[in-house]
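Taken together, the values in this text are just the output of simple stated rules run on the coordinates, not laboratory data. These numbers come from a predicted model, not from an experiment. Please note: Cβ atoms are built from the backbone with ideal geometry, for glycine as well, and neighbour counts cover all protein chains shown.
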Amino acid sequence: MRALTEQQIRAAFVNASRREAANATLPDLDAVDWDNLDFLGWRDRRAPLSSYVVAQVDGEPIGVLLRAAERTGKRRKAVCGWCEDVIATDDVGLYVARRAGAAGRKGDTIGTLLCTDFRCSTNVRRKPTRAEAGQATDEELLIMRELRIAGLQERSARFLREVARTR
């Protein structure tokens, strides 16, 4: 992912008001490993149910404000809809994004299951387990990794495009 400035991130939000974008608590951008990210995702320290995701989609940054569903009762294991990691299933939650434009102002939303720590980029880059890879060669393992990265990029971009779509 190409490194983004604070100004670029705040301007990228398609489903947040100017006030919401201005009030978003951003992570320490100097500490971000941009080369190993497919998207930048973080939770707002001041608003625990608010989270944000920014990614390059079709060469331009698109950012969305997400709301986490409140956790009630027993936690259930789930697979993240973006990284589809079968190992990290304990910390996956439902996130909902208000659609951009008039649809969002009417209350239309779209949701997905995501890793609550937004570690999808790390998950797709990990070495496959023996159950996932079998007797794969090093070259085949590299291909598997690249396919997982491409899948994450495609699924996250599809979600962001759908939020941004104003019909």
ask   = Excluding same-chain residues fewer than 8 positions from K74, which aspartates and glutamates have a Cα within less than 12 Å of its Cα?
value = D90
ask   = By average Cβ neighbour count within 10 Å, what is the ranking of 130-138, 62-70 from highest down?
value = 62-70, 130-138
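Using helices alone, what [θ] at 222 nm do you get for the chain, with -39,500 (n - 2.57) per DSSP H run of 4 or more residues, divided over all residues and rounded to the nearest 500? The partial results should precede the final answer.
Working: 6 runs with 55 residues, N = 167.
Computed mean residue ellipticity for the chain: -9500 deg cm²/dmol.
Based on Cβ point charges of +1 for Lys and Arg and -1 for Asp and Glu, what charge dipole magnitude is obtained for segment 6-164 about its Cα centre, in debye rounded to the nearest 20? Intermediate values should be presented prior to the final figure.
On the way: 26 positive and 24 negative charges, 204 e Å.
Roughly 980 debye for segment 6-164.
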query = Once you have the alpha carbon radius of gyration of the chain, what is it after dividing by 2.2 N^0.38 Å, with N set to its residue count?
reply = 1.06
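Output the relative contact order of the chain, whole-number percent, from Cα pairs under 8 angstrom with separation of 6+ residues. It would help to have the intermediate numbers written out before the result.
Numbers: 274 pairs, mean separation 37.9, N = 167.
Reported as a whole number, the value is 23 percent.
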Options G111, A55, L29, ranked by Cα towards positive dipole end of segment 1-125, top entry (Cβ charges) = G111
ask   = Roughly how many Å is it from the Cα centre of segment 1-35 to that of segment 87-142, as a whole number?
value = 20 Å
